[in-house]
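K.L.:
Got a structure for you, questions after.
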Protein chains: 2
Amino acid sequence: MATAQRQRAIAVDQLFHALGDPTRRKMLHRLGRGPQSVSRLAKPLGVTPTAIVHHLHVLEQSRLVRTAKAGRTRTCHIEPEGFLMLERWIRDQRALWESRLDRLGDILDEADD
Amino acid sequence: MATAQRQRAIAVDQLFHALGDPTRRKMLHRLGRGPQSVSRLAKPLGVTPTAIVHHLHVLEQSRLVRTAKAGRTRTCHIEPEGFLMLERWIRDQRALWESRLDRLGDILDEADD
């Protein structure tokens with residue numbers, strides 16, 4: 001597999017691993033409403049500070065979230081890049097079926113002629 | 001949480017659980033090229049027949065795949081419903097940010113006036 005393709009496969013693996021966890025999806029849902037500090041994000045989720053740091057790390061690795069530190073506060077933001085990658089993955093899947101259906105259509109058209 | 005909303009949350013959980021596994025994503029990729037029998041689908045994946053049955057069950061539960069038996073052969077097909085649900089999930093996430101960005105834009109426009 002070419003390097004770029006392999007890197008993309010690893011990125012897709014990371015992305016689906018990140019999204020496979022319901023707590024991480026809740027974090028994304030909350031951040032969709034606006035940036036939040038780590039402590040404010042953690043509060044309603046009922047998870048330990050260690051767990052939230054781990055989840056944020058996974059989300060950052062998958063480019064679904066970015067964090068920025070100002071003074072003593074780390075703020076978390078949605079990072080659209082991971083979402084774009086997910087959309088691209090779906091589009092690639094659809095492209096496979098659709099090209100197959102187009103070919104089937106061509107065969108049926110030829111059979112009609 | 002209302003029943004319909006709860007059912008949808010469970011369906012989204014199942015969907016991301018299904019997609020979180022690289023073998024299952026490979027199965028979807030192969031089925032995108034056309035329906036296949038269970039044995040043909042299993043062959044290049046190097047997994048046991050028990051594992052493939054489990055993976056198919058998870059994919060069927062998440063409405064990403066459907067299977068149909070004709071005689072002694074079970075054939076697997078892509079089921080678009082799960083993909084539609086995934087697209088809807090992304091759209092809902094985007095709607096959150098975009099409505100927030102629209103509100104921010106309104107505030108900035110008002111500040112300009």
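K.L.:
Are there any residues in the stretch A:90-113 with a reduction of at least 50 Å² in accessible surface when going from the isolated chain to the assembly of protein chains? Probe 1.4 Å, please list them by number.
P.N.:
A:Ile90, A:Gln93, A:Arg94, A:Leu96, A:Trp97, A:Arg100
K.L.:
While we're on this one: Which whole-Hz ³J(HN,Hα) couplings does the stretch A:55-67 yield from phi under the Karplus relation 6.51 cos²θ - 1.76 cosθ + 1.60, θ = phi - 60°, glycine and proline marked x?
P.N.:
My calculation for the stretch A:55-67 gives 4, 5, 4, 4, 5, 5, 4, 8, 6, 9, 9, 10, 10 Hz in order.
K.L.:
Amide H of B:Gln36: which non-local residues (sequence gap of 5 or more, or other chain) have their own amide H closer than 5 Å, using H built in the peptide plane?
P.N.:
For B:Gln36, the qualifying residues are B:Cys76.
K.L.:
For the protein assembly as shown, compute the number of Lys pairs whose alpha carbons are separated by less than 19 Å, excluding pairs fewer than 8 positions apart on the same chain.
P.N.:
4
K.L.:
Something else now. Sort shortest first the distances from B:Gln7 to its counterpart in every other copy, using label points 7 Å along the Cα-to-beta-carbon line, and give them in nm.
P.N.:
Result, one decimal in nm: 4.5.
K.L.:
Relative to the isolated chain, which residues of the stretch A:10-25 have their accessible area cut by 20 Å² or more in the presence of all protein chains (1.4 Å probe, heavy atoms, no ligands or nucleic acids)?
P.N.:
A:Asp13, A:Phe16, A:Leu19, A:Gly20, A:Arg25
K.L.:
Also, I was wondering about something else. Relative to the other copies, what are the label-point distances for B:Arg103, with labels 7 Å from Cα along the C-beta vector, expressed in nm at one decimal and sorted shortest first?
P.N.:
4.9
K.L.:
Inter-copy label distances at A:Ala70, 7 Å along the Cα→beta-carbon direction, one decimal in nm, shortest first?
P.N.:
Distances between equivalent label points, in nm: 6.3.
K.L.:
What is the minimum Cβ-to-axis distance for chain A, in whole Å, where the axis maps A onto B, and to which residue does it belong?
P.N.:
Chain A residue with minimal Cβ-axis distance: A:Gly20, 2.
K.L.:
Ok, one more. Just the number please: accessible area per residue for chain A, 1.4 Å probe, all protein chains included, in Å².
P.N.:
Accessible area per residue: 61 Å².
K.L.:
Oh, and also: Using a 1.4 angstrom probe on heavy atoms only, work out the carbon and sulfur share of the accessible area of chain B in %.
P.N.:
Ligands and nucleic acids excluded, carbon and sulfur reach 52 percent.
The values are calculated or read from the model by the stated rules, or taken from the named source; none is laboratory data. Predicted, not measured: the structure shown is a model, and the values here were computed from it. Ideal geometry is used to build each Cβ from the backbone, glycine not excepted, and the neighbour counts take in all protein chains shown. Just the protein is used for accessible areas: all its heavy atoms, side chains included, with ligands, DNA and RNA removed. Shrake-Rupley method; radii C 1.70, N 1.55, O 1.52, S 1.80 Å.
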